[in-house]
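The values are calculated or read from the model by the stated rules, or taken from the named source; none is laboratory data. These numbers were taken from a predicted model, which means no experiment stands behind them. Here Cβ is always computed from backbone atoms with ideal geometry, including for glycine, and neighbour counts include all displayed protein chains. When the accessible area is computed, the model is the full protein with side chains, heavy atoms only, and any ligands, DNA or RNA have been set aside. Shrake-Rupley method; radii C 1.70, N 1.55, O 1.52, S 1.80 Å.
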Amino acid sequence: MSAEQSFNRWVRIALVTFGVLLLYFVLIDNFAPITPQAQAHRPVLSVAPRVAGQVERVAVSNNQPVNAGDLLFTLDDTDYQLALDRAALQQQLASADRERLQAAMAGIKAEAEQARLRAEELSREASRLERLHRLGHMSVQQAEQARNQAQQASSALQAVQARQQEARQALAAAELAHKQANNAHEQARLALQRTRVKAEMAGRIGNLQLQEGVQAQAGQPLLALISNELTVLADLREKTLRHVTAGTKAGVVFDALPGQIFDAHVSSIDSGVRHGQQQADGQLVQPENSDRWVRDAQRLRVHIALDEPVPGLATGARATVQLFPESGSWLHGLGWGQLWLVSQFRYLY
């Protein structure tokens with residue numbers, strides 16, 4: 001074989017190899033996409049006290065696992081205990097004032113009932129004497145005295161009813177003051193309770209720098225709580241997601257766990273990216289100018305849920321994700337083979 005023939009042969013081999021690889025990458029990219037731009041994600045909760053105070057005790061250490069409800073740190077509760085005691089005294093005073101007015105209201109109510117009965121009795125007596133006067137059996141003086149007594153009883157009834165109305169208003173104000181005292185007591189109790197800051201969820205303490213004696217402000221984050229829940233966030237080009245839906249099977253390889261492939265599935269696909277969001281700022285749009293022949297492909301974020309337990313990984317751990325939208329096809333096998341090679345390469349890099 002001449003040198004020219006050998007050269008032509010290698011050229012043909014290179015062209016065929018290039019064509020096969022090109023076809024392979026096109027098929028894999030469209031029907032079994034893979035991306036190394038993925039990472040483990042755990043929700044991180046910034047823990048902040050809901051009341052201000054000096055940190056009295058830190059009950060956890062860095063990277064310590066905690067359960068929901070475990071004590072994280074406490075604040076000096078001296079002022080809050082005094083406030084609770086003061087609110088309890090105000091609550092007792094308001095309760096005593098309300099009971100006093102309730103007793104007075106009961107007495108006035110009984111007095112008003114007696115005054116009503118007397119007014120009705122004298123009114124009936126005045127009417128009876130008036131009839132007897134018209135028949136000539138009763139003097140004018142007696143009839144007038146009966147009328148005067150009935151009018152006096154009616155006036156007394158009105159006076160008692162006015163006092164009863166004032167007592168009702170005073171009792172209503174006392175009831176309102178009692179409710180306000182109860183609310184103040186409950187707020188003081190909650191404030192005292194909130195000096196003990198507890199974990200809202202199970203997780204692990206991260207980047208703990210909190211020390212005793214620090215003056216904490218309400219709402220100021222003091223430590224981070226990393227959740228135990230793990231998901232994988234993968235960024236893939238939008239073209240490769242044409243056949244991907246929620247529930248699509250996936251395989252995940254973590255850089256920290258070389259040689260291991262974890263079963264997973266697509267839980268959701270984000271509906272947009274920040275570049276697609278426009279602010280209503282009253283300004284005209286500024287189109288993107290570019291003289292590049294080939295622009296960068298837009299990537300969308302895909303949320304991957306693991307179907308099997310994973311050893312403890314730090315949030316942000318790098319991963320490679322392989323999707324299998326065409327489950328059962330021969331490309332499915334190629335995707336698994338490709339992912340297996342990646343898992344082996346992780347021993348080297």
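Key figures for this structure:
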{"item": "Close pairs (8 angstrom Cβ cut-off, 6 or more residues apart or separate chains): under 16 Å from Gln217 (Cα atoms) and small (Gly, Ala, Ser) in region 52-65, open to solvent by 60 Å² or more (accessible area, probe 1.4 Å) and assigned to a strand (DSSP E or B) anywhere", "result": "Ala52/Gln215; Gly53/Gln215"}
{"item": "Verdict on Ala297 being modelled with pLDDT under 85, farther than 30 Å from Gly53 by Cα and in contact with a helix residue (DSSP H, G or I) (Cβ under 8 Å, 6 or more places away or on another chain)", "result": "yes"}
{"item": "Top-ranked residue in region 161-200 [being polar (S, T, N, Q) and in contact (Cβ under 8 Å) with a residue 12 or more places away in the chain; ranked as farthest from Asp77 (Cα to Cα)]", "result": "Gln161"}
{"item": "Leu236, sole failed condition from (1) open to solvent by less than 50 Å² (accessible area, probe 1.4 Å); (2) touching a helix residue (DSSP H, G or I) at 6+ places or on another chain (Cβ under 9 Å)", "result": "(2)"}
{"item": "Candidates Ala250, Ala224, Ala188 - the one that is in contact with a helix residue (DSSP H, G or I) (Cβ under 7 Å, 6 or more places away or on another chain), open to solvent by less than 60 Å² (accessible area, probe 1.4 Å) and not in a loop (DSSP other than H, G, I, E, B)", "result": "Ala188"}
